[in-house]
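Report on one structure; see the data block that follows.
Since every read-out is calculated from the coordinates, none of them should be taken as a lab result. For clarity, every value in this text was computed on a predicted model and none was experimentally measured. Every residue, glycine as well, gets a Cβ built from its backbone with ideal geometry; the counts of neighbours run over all protein chains shown.
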Amino acid sequence: MFPIIISADDLTDEAIELEIKIDPLIVQPFTMSITQLSTEILQKIYEYATIKDVIHLSQTSKKNHNAYLGRQLPILKKALYNSPYSPYPELLKLVVSGEPDNIRKPLSTELRSGIALDRVLRSRHLPPLTIPLIQKMAQYAKIADRWTEIYPRLCWRYNSSSRRVLHAHEAERLRKAIYQLWTYSNLFHTHSFSQYAPDPPKLGPHHRDDLRFRLARTWTTIDIVRQSEFVDKIRQLLAIDIYPSNSMVQFQYSQTLSPKTLAKIAWGDDQEHMYLLQALLKFSPADILHLYLDTSTKAERAEFLIEKGRWFLMTPSSWDDAVERMARDERSAWGQPHPEFLSASVTSYTTQLKDRKAEFGITDVEGCERGWSWSADASATGEYVDEWLRPRFGRRVWSGEDEDGSESEDDGSDEDEEA
């Protein structure tokens, strides 16, 4: 007999003792290994797992692996949507931009880049999913998901008391910005395109068909604001933690270092370092993540830079110029305030002791209760739109944010489009 003491404060102040007779031969503890489940139940469990969990579960036993192989494509489809990898249209464009060029005809770099851009712009909806496509999407998405864990350290670098985990809608904004920036990098920060167009794009009617402008026009201005905020944090990460300048190292150590010691740590004077940063911004999010997490010495980071080739250091990043010039020239109404692009207003990081955030940026900003009509200014084809056909950009409208702070979405957009 097993005495069980039950506290019954709502009935009496004293404990009540009950004696329950249990036959240990009749009642046995219920335990069952997952390997004893039927194949159908195992496959049902897979449908509720993320891609990471699917891979781990399939490696636990031969039976679990066979159950996974039996319905591999449907399981991976479900796992893709169970994983925090959205928005999927932007992720698909990133995958398409990274596909190798299989054209064997002798075409110019401009024609090849134009064909690659057209292929990306046509990828608006998910095609029939295949296992190789899902695997490629997962590879890119894992990098972006890792950035959602690191970004709070960069966003609240100085105000660490306010640091927090990103909300779900903020993490999705960040992933979208990463997918779009990475797509631009895959198309225009390559060796061949940098040789073809080493200088940033120019404004004017003769340059409206520049391929970089065509891609930037497919993004809403709020998308560009969020990309700019992420680029600003990346520039800060490179300038302070990975490739610091001489003045930054002196500022961090709060003492005068010898030239020999400085040469072992720092990466040049301010003017020289500024040109270096412009080239380093061509790094993909995967490259920067590797440098931040897997390298710690100047020799390791210099070796990684040398492997990129001489062309990498000789050509600057063109994203800031292309996007800012396009947005300010084609989308800013005369005499009206224009959106804030944090990456375009670079300050000295040795004296900046506060975290900069943009309205309608990646993280929520208090007091941002009204929006702009920037959410409806993208051209799906990427073609230039004459001024008399454009919406009245720069006019204040109610934002598409709900009362709980999350944003309503429509066709992959983060804000409701203006009626």
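Ranking of VAL385, VAL323 by neighbouring Cβ atoms within 10 Å, starting from the fewest: VAL385, VAL323. Let me test this: with uniform point scatterers at the alpha carbons of the range 277-332, what is the Debye-based log₁₀ I(q)/I(0) at q = 0.17 1/Å? With no solvent term, the Cα-only Debye profile gives -0.63.
As an exercise, find the ratio Rg/Rh for the range 88-398 from alpha-carbon atoms, using the Kirkwood inverse-distance average for Rh. Write down the numbers at each step before the final one.
Details: Rg = 19.9 Å, Rh = 20.7 Å.
Here the Rg-to-Rh quotient is 0.96.
Rounded to the nearest 0.05, the FRET efficiency derived from the C-beta distance between ILE55 and HIS125 at R0 = 35 Å is 0.85. In plain terms, the bigger the Kirkwood radius, the slower the diffusion; for the range 34-82, with that radius from Cα pairs, at 25 °C and 0.890 mPa s, Stokes-Einstein puts D at 239 µm²/s.
What does the extension gain come out to for HIS290 and GLU383, with contour length at 0.36 nm per residue minus their alpha carbon separation? Mind dumping the intermediate values first?
Values: separation 93, 0.36 × 93 = 33.48 nm, distance 3.57 nm.
In short, 29.9 nm is gained.
Computed from the C-beta positions of ALA299 and TYR196 and an R0 of 41 Å, the FRET efficiency is 0.80 to the nearest 0.05.
Using only alpha-carbon positions in the range 148-205, the gyration tensor eigenvalues give semi-axes of 33, 13, 12 Å once each is multiplied by 5 and square-rooted (largest first). Given their separation in residues at 0.36 nm each and the Cα-Cα distance between them, GLU359 and ARG104 gain 87.1 nm when the chain is fully extended.
Looking at the square roots a ≥ b ≥ c of the eigenvalues of the Cα gyration tensor of the range 107-240, which shape do they give, rounded for a/c under 1.5, prolate if a/b is larger than b/c, or oblate? Since a/c reaches 1.5 but b/c is at least a/b, the shape of the range 107-240 is classed as oblate.
Between LYS44 and GLU366, full extension at 0.36 nm per residue minus the direct alpha carbon distance yields a gain of 111.6 nm. Here the range 185-315 is treated as an ellipsoid with the same Cα gyration tensor; its semi-axes, largest first and in whole Å, are 31, 16, 14.
Measuring between alpha carbons in the structure, the pairs from LYS260/LYS298; LYS93/LYS176; LYS105/LYS308; LYS142/LYS298; LYS52/LYS78; LYS78/LYS136 lying more than 19 angstrom apart are LYS105/LYS308; LYS142/LYS298.
For every other residue with a beta carbon closer than 15 angstrom to the beta carbon of THR315, add +1 if it is Lys or Arg and -1 if Asp or Glu, then tell me the sum. That works out to +1.
As a size descriptor, the averaged projected area of the C-alpha convex hull of the range 181-238 was calculated at 4.7 nm².
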